[in-house]
Amino acid sequence: MNASVDSVTAPVAARTAPHATHRFRLLLRREYWENRGGIFWAPVIAGLLSTLLSAGLLIVGIWFAHKSVAEGGSIQHNGVSLNGLDLAGLAQLMSQDDIRQISEGLALTLTLSASWPWLVMIFVAFFYCLGALYDDRRDRSVLFWKSLPISDTSTVLSKVVTATVTIPVFATAAAIVTAFLFLVMLSIAIAAHGANPIPFLWTDGTFLRFVMVSVAVLPVYALWAMPTVGWLLMCSAWAKSKPFLWAVLIPLGLGVATSMTGLLQLFGIERHWLWANVITRLLLGTAPMTGSDLEALGEAMQSGAQPLDLMTVQGFYSNFAAPSMWIGILAGIVMIVIAIRLRRWREEG
């Protein structure tokens with residue numbers, strides 16, 4: 001009896017409160033599991049569709065090549081006539097310049113085939129931010145989360161990290177796997193027609209360069225997306241209904257009004273300045289392409305340079321030299337702070 005009484009009356013050891021970083025990791029896991037369809041499955045399915053399309057195009061191309069051979073077709077290279085499918089013989093006649101051109105074409109094709117997960121990422125991140133704070137209030141689950149020892153700041157920041165880091169990381173991983181599968185399919189096709197695919201596809205560093213650049217530029221576009229993420233989260237925290245209309249119509253209406261009235265010209269500002277410097281930053285920041293990138297791409301195309309020459313880590317990180325980059329980051333931080341305040345005070349009517 002005494003032992004049982006002692007066991008009942010013995011003080012319970014105090015539990016150590018979980019560390020703030022541990023709680024934040026749990027919030028990130030919550031965002032992933034609640035949005036796994038968009039974060040994980042959407043880029044994976046997009047990559048698989050791209051792979052299937054590439055496989056279909058490759059099969060069609062091989063079929064047409066066989067048909068051409070059956071009809072007596074051949075390839076003329078350096079004055080030598082080759083069977084249209086004699087890739088081994090064609091490889092022996094290629095110069096270093098020919099191989100370089102193939103490498104450039106391969107890099108472009110590789111980028112295009114792997115771009116599908118990134119295209120899906122643009123929409124996933126956009127609509128995730130729009131519903132991130134609004135959905136909690138709509139289904140009243142915000143009351144449950146507010147009852148936990150989790151601050152509004154941590155909750156909103158977990159959504160910021162999900163939009164700027166988690167979603168792009170999963171999309172980039174899917175893009176890299178898609179590019180690898182494309183190269184594997186191409187290697188099988190080349191090997192099946194008598195040539196060694198390794199010198200053409202794997203030794204020039206095209207795939208390694210693609211992987212390194214894709215991973216290295218993730219911080220650039222995480223910060224580039226800050227004003228869009230901040231604006232969408234602020235609208236998500238503020239709107240009582242239809243946050244999409246508020247987030248889109250307000251910037252578009254402001255842009256149309258200033259363009260039609262020429263109001264900005266009264267202050268010495270170009271008529272369409274607002275579209276290029278404010279509205280696109282608020283609505284299109286989830287796209288992995290900055291204004292400086294687009295300008296450099298346009299100049300490269302006009303000068304006849306290869307657009308792939310711009311795909312360097314130094315080129316992408318040169319965006320930090322532009323004042324618009326830092327202004328956008330600051331504006332995004334301000335709007336995220338406002339979203340935190342709105343979540344703390346906002347009540348459904």
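The values are calculated or read from the model by the stated rules, or taken from the named source; none is laboratory data. Because the structure is predicted, anything quoted here is derived from the model rather than measured. When we count neighbours, we look across all protein chains shown, and the Cβ atoms used for this are built from the backbone with ideal geometry, even at glycine.
Some notes on this structure:
- Residues of the stretch 204-220 satisfying the condition of being among the small types (Gly, Ala, Ser) and surrounded by fewer than 18 Cβ atoms within 10 Å (Cβ to Cβ): Gly205, Ala216
- Among (1) surrounded by fewer than 16 Cβ atoms within 10 Å (Cβ to Cβ); (2) modelled with pLDDT under 90; (3) part of a helix (DSSP H, G or I) - the single one Thr258 does not satisfy: (1)
- Near pairs, Cβ below 8 angstrom, 6+ apart or cross-chain, from the stretch 148-169 (closer than 17 Å to Gly332 by Cβ and touching a residue at least 60 places away in the same chain (Cβ under 8 Å)) to any residue that is of a type outside the set (A, V, I, L, M, F, W, C) and part of a loop (DSSP other than H, G, I, E, B): Thr162/Asn35; Ala163/Thr286; Pro168/Pro288
Yes or no, residue by residue, for (1) modelled with pLDDT under 95; (2) of a type in the set (A, V, I, L, M, F, W, C); (3) in a helix (DSSP H, G or I):
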{"site": "Arg137", "(1), (2), (3)": "yes, no, yes"}
{"site": "Val142", "(1), (2), (3)": "yes, yes, yes"}
{"site": "Leu148", "(1), (2), (3)": "yes, yes, no"}
{"site": "Val160", "(1), (2), (3)": "no, yes, yes"}
{"site": "Thr164", "(1), (2), (3)": "no, no, yes"}
{"site": "Ala171", "(1), (2), (3)": "no, yes, yes"}
{"site": "Phe182", "(1), (2), (3)": "yes, yes, yes"}
{"site": "Ser187", "(1), (2), (3)": "yes, no, yes"}
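- Selected residue (only one of Leu223, Leu252, Leu233, Leu201 is touching a residue at least 24 places away in the same chain (Cβ under 8 Å) and crowded, with 22+ Cβ neighbours inside 10 Å): Leu233
- For His272, the conditions (1) under 28 Å from Leu245 (Cα atoms); (2) modelled with pLDDT under 90; (3) under 20 Å from the mean Cα position of the chain (by Cα); (4) not polar (S, T, N, Q) all hold with the exception of (3).
- Per this entry, Thr162 is counted among residues that are surrounded by 16 or more Cβ atoms within 10 Å (Cβ to Cβ) and either out of contact with any helix residue (DSSP H, G or I) (no Cβ under 9 Å at 6 or more places or on another chain) or of a type in the set (Val, Ile, Thr) (or both).
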